[in-house]
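Let me begin by presenting the structure, written as structure tokens, before commenting on it.
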Amino acid sequence: MIKRLLAAGAMALGLSAFAQTQIEFWTYYLSPNFDNYIKSTIADFEKANPTIKVKWVDKQDTMERDLTASIALGKAPDVVNLWQDSTFAGAQNGILLPITQVVPRSLLDQLYYPNVLDIFTVEGQVYGLPWYGWLDQGVMMYNPDLFAKAGVDIRSIKNTDDLLAVSEKIKKATGAYGWLPPVKDPNGASFLGRFFLEGLSIYDKDGKANFNSPAHVALLQKYVDAMKNDVIPQELLRKEAFQLSNELYSQGKSAIIVGAPTSLNRVKEANPDLYKKTKIASAPLGKAGIQTGGAMDLVIPKASKNQAAAARFALFITNRANQVKFANVVPIVCTAKGCESDPGLKAKSDDPLEIGKGMNSSSGRLINPGFKPPKNTDDIYKNFNDNIEAAFLGKKSAKQALDDAVAFWNANAK
């Protein structure tokens, strides 16, 4: 099916016959770790397209600066690996080619998940072919012994409300914590994510913060009560949830990790016996039915002199077969349609990490980039976190904390 679609796309692009062409392909921080994969994939492409040669250049922290300079000098690369913000900026600055000028939109809709195409859509035009993605929630990893002691059936956990309820049951029965949700991670305003995942707004239609409605207050209060009752530890106010989850889980002091399956590498090192017992399940979702995350893409500069060949190569690199191969090298999340049932992503053993990687890589249909951060982000997020902490410590009511955070946000997001 994929081969037929790509063949149809090639015909639509007039790619039946090329004179000898060399295209330049830039990636971002993929060398040297993934040299074998990239080089072998390029070799496969060149074998199938003998009139096109690909020169691969891996860029690192100078990517955006070098791209701008190369275009100005008339030496633009043909295919470039970017991310959401840089794609948006490039589209706005007029240096990127709308992909739909060289690839029919109908073909894009057949090849990629619509939610990921949306990430690279600017003013109705798609500017990037989705490539490798990531998820923030990932999968759920759990200790079956603690579940059994608490009488918890994994099938009863369908959403995050169930996750909190089960955590309370585990704590009462075993003394161990269940799930440790991000409350005040140092790398952002974690609790805003809880609102977003539960389908609650961050902004109103005019772009003003509005996360202090009764529904927002009730959600915050639910988690404040969980901490007050020691269902979730107060240490979450001082330590990143990812780090604390790994520490306590490895010690048998918590039953659940929700996150990237690679978390298990730490468990494997710290407690090999527990690692072998660990079971994997889909991450329970909030009411919005999404996972926050993102993806990298491949774009074509307007200044490329080989746009048709570039499009053919970009379609090849990002096709489902090659994304699945990449996912078997490193646990990326595939963004091509059909990955949710691709046999190449099924675990090849009962190793917990292998099972988790397969489940994670096949979940690209759930990727959502989340809400747009405000301007003056550092100050606003610090104020938000301070208010959330005040609510959890009982220094402010949940309502007062959110009212104060919204007021500061709207006064300072300039």
**OP:** Could you tell me which trypsin sites (Lys or Arg not before Pro) in the range 142-178 are loop residues by DSSP with no more than 15 other beta carbons within 10 angstrom of their beta carbon?
**Re:** K158
Original post:
Pairs K337/K357; K55/K325; K205/K375; K158/K375; K184/K222: which are spaced more than 26 Å apart, C-alpha to C-alpha?
Top reply: K158/K375
Subject >> Length released on extending from Q101 to A148, taking residue separation times 0.36 nm less the Cα-Cα span >> reply: 11.2 nm
**OP:** Compare Y132, Y249 by solvent-accessible area with a 1.4 Å probe and give them largest first, with all protein chains kept in place.
**Re:** Y132, Y249
Subject >> Rounded FRET efficiency, nearest 0.05, which uses the C-beta distance separating Q92 from Q20 and R0 of 30 Å >> reply: 0.30
Original post:
Between D230 and L393, what length comes free when the chain is fully extended (0.36 nm per residue of separation minus the Cα-Cα distance, one decimal in nm)?
Top reply: 57.4 nm
**OP:** Taking 7 Å along the Cα-to-C-beta vector as the label spot, tell me the T377-V57 distance in nanometres, rounded to one decimal.
**Re:** 2.8 nm
**OP:** Obtain the nm distance between the two label points defined at D85 and K325 by a simple spin-label model: each point lies 7 Å from its Cα along the Cα-to-C-beta direction.
**Re:** 3.2 nm
**OP:** Pick out, from G338, V102, P214, the residue whose Cα sits farthest towards the positive end of the charge dipole of the chain, with +1 on the Cβ of Lys and Arg and -1 on the Cβ of Asp and Glu.
**Re:** G338
Subject >> Debye, to nearest 20: dipole size of the chain, +1 on Lys, Arg Cβ, -1 on Asp, Glu Cβ >> reply: 580 debye
Original post:
Once Lys and Arg get +1 and Asp and Glu get -1 on their Cβ, which of N412, Y28, M141 lies farthest toward the positive end of the dipole of the chain?
Top reply: M141
**OP:** Could you order M359, M141 by accessible surface area, starting with the largest, using a probe radius of 1.4 Å?
**Re:** M359, M141
Original post:
Excluding ligands, DNA and RNA, what is the solvent-accessible area per residue of the range 43-193 at a probe of 1.4 Å, expressed in Å²?
Top reply: 43 Å²
**OP:** Can you find, among P373, A390, F326, the residue farthest towards the positive end of the dipole of the range 303-414? Put +1 on the C-beta of Lys and Arg, -1 on that of Asp and Glu.
**Re:** F326
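Hey, what's the range 267-315 come to in accessible area per residue, 1.4 Å probe, Å²?
Spelled out: the 1.4 Å probe surface of the range 267-315, per residue, equals 40 Å².
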Subject >> Kirkwood-Stokes translational diffusion coefficient of the range 223-320, alpha-carbon pairs, 37 °C, 0.692 mPa s, µm²/s >> reply: 188 µm²/s
Subject >> Heavy atoms of L345 accessible to a 1.4 Å probe, total area in Å² rounded to 10 >> reply: 20 Å²
Subject >> Gaussian network model of the chain, Cα within-10 Å springs - most flexible of T68, T27, T278 >> reply: T68
Original post:
When DSSP beta bridges are limited to those with both residues in the chain, what percentage is antiparallel, rounded to the nearest 5?
Top reply: 60 percent
Original post:
Among the aspartates and glutamates, which have Cα under 15 Å from the Cα of K149 when same-chain residues fewer than 8 positions away are ignored?
Top reply: E168
Subject >> Mean ellipticity per residue at 222 nm, deg cm²/dmol - from DSSP H runs of n ≥ 4 across the chain, formula -39500 (n - 2.57) >> reply: -13000 deg cm²/dmol
Subject >> Residue order for E24, E269, E340 - accessible surface, 1.4 angstrom probe, largest first >> reply: E269, E340, E24
**OP:** Grab the beta carbon distance between Y29 and T68, set R0 = 22 Å, and tell me the FRET efficiency rounded to 0.05.
**Re:** 0.75
Original post:
Using 7 Å Cα-to-Cβ label points, what is the Y203/K277 separation (nm, one decimal)?
Top reply: 4.8 nm
Original post:
If the viscosity is 1.306 mPa s and the temperature 10 °C, what Stokes-Einstein diffusion coefficient in µm²/s follows for the chain when Rh is the Kirkwood radius over Cα pairs?
Top reply: 69 µm²/s
Subject >> Candidate aspartates and glutamates for bridging to K268, where Cα separation is under 19 Å - those fewer than 8 sequence places away on the same chain excluded >> reply: D145, E247, D350, D351, E354
**OP:** Estimate the FRET efficiency between A411 and E269 by the formula 1/(1 + (r/R0)^6), using the beta-carbon distance for r and 51 Å for R0, to the nearest 0.05.
**Re:** 0.65
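At a 1.4 Å probe, what is the % contribution of carbon and sulfur to the accessible area of the chain?
Reported share for carbon and sulfur atoms: 51 percent.
The values are calculated or read from the model by the stated rules, or taken from the named source; none is laboratory data. Just so it is clear, the model here is predicted, and its values are computed rather than measured. Neighbour counts are summed over all protein chains in view; Cβ atoms, including those assigned to glycine, are modelled from backbone coordinates with ideal geometry. The accessibility values were calculated without ligands, DNA or RNA, using every heavy atom of the protein model including side chains. Shrake-Rupley method; radii C 1.70, N 1.55, O 1.52, S 1.80 Å.
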